[in-house]
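K.L.:
I'd like to ask you about the structure that follows.
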Amino acid sequence: MADFKIQSGDWNELKQDAQLIRRSVFIQEQNIPEDEEWDDQDPISLHFVVYDQNQAIGTARLLQNNSIGRVAVLKQYRGEGIGLLLMKQIIQVAEQQKREYLKLSAQVYATGFYENLGFIVEGDEYLDCGIPHIDMNMSLSD
């Protein structure tokens, strides 16, 4: 596996790289309207960007309400464990911040990926931007 590095920071620090990835994955690949991709949570969330050398290849954000969102890896890098690396880093940071739980809204096809990390399905499927999603959560407190 290549030597991937993860940087975390605020929107001002990581906006350019995070936007590049999210635009490619969500707006171009999944046809999510641009005005639905960007929201008021970006400026107040902790962002994570995975780099292969100097190339931004994956991103996610951790919101103040313990929700993980906008998890995306560029198409040509999928299947290399980048999403797993990214999620483990977010979980570790959340534990260091003494958060009691994490939650996310998973695209249904990715449910197994999140279950392998310890997330549990909660509730029923629903559509978000026309894509089937389901809520999942993970307890971090012992």
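The values are calculated or read from the model by the stated rules, or taken from the named source; none is laboratory data. None of the values given here were measured: they were computed from a predicted structure. Note: ideal-geometry Cβ built from the backbone for every residue, glycine included; neighbour counts use all protein chains shown.
K.L.:
If only one of 115, 122 is without any contact (Cβ under 8 Å) to a residue 24 or more places away in the chain and either assigned to a strand (DSSP E or B) or hydrophobic (A, V, I, L, M, F, W, C) (or both), which one is it?
P.N.:
Working: 115 fails: either assigned to a strand (DSSP E or B) or hydrophobic (A, V, I, L, M, F, W, C) (or both).
Going through 115, 122 in turn, just one is without any contact (Cβ under 8 Å) to a residue 24 or more places away in the chain and either assigned to a strand (DSSP E or B) or hydrophobic (A, V, I, L, M, F, W, C) (or both): 122.
K.L.:
Got a sec? Which of 82, 90, 44, 68 is touching a Lys or Arg at 6+ places or on another chain (Cβ under 8 Å) and either of a type in the set (A, V, I, L, M, F, W, C) or within 17 Å of residue 103 (Cα to Cα) (or both)?
P.N.:
Numbers: 82 fails: touching a Lys or Arg at 6+ places or on another chain (Cβ under 8 Å); 90 fails: touching a Lys or Arg at 6+ places or on another chain (Cβ under 8 Å); 44 fails: touching a Lys or Arg at 6+ places or on another chain (Cβ under 8 Å).
From the options 82, 90, 44, 68, the qualifying one is 68.
K.L.:
So, residue 90, is that one β-branched (Val, Ile, Thr), modelled with pLDDT of 95 or more and loosely packed, with under 13 Cβ neighbours inside 10 Å or not?
P.N.:
Answer is no for this residue.
K.L.:
Continuing with this model, one more query. How many residues are over 14 Å from the mean Cα position of the chain (by Cα) and over 17 Å from residue 5 (Cβ atoms) when one looks only at segment 66-82?
P.N.:
Of the residues in that region, 3 qualify.
K.L.:
Name the residues in segment 80-99 that are under 21 Å from residue 112 (Cα atoms) and in a loop (DSSP other than H, G, I, E, B), would you?
P.N.:
80, 81
K.L.:
Need at least 1 residues that are touching a residue at least 60 places away in the same chain (Cβ under 8 Å) per element, so show me which strands (runs of 3 or more DSSP E) inside segment 4-79 make the cut, counting only ones lying wholly within it.
P.N.:
Qualifying strands (runs of 3 or more DSSP E): 4-9.
K.L.:
Further question: Can you name every residue in segment 1-60 that is modelled with pLDDT of 95 or more, within 16 Å of residue 78 (Cα to Cα), loosely packed, with under 13 Cβ neighbours inside 10 Å and of a type in the set (A, V, I, L, M, F, W, C)?
P.N.:
Listed by number, the list is empty, since nothing qualifies.
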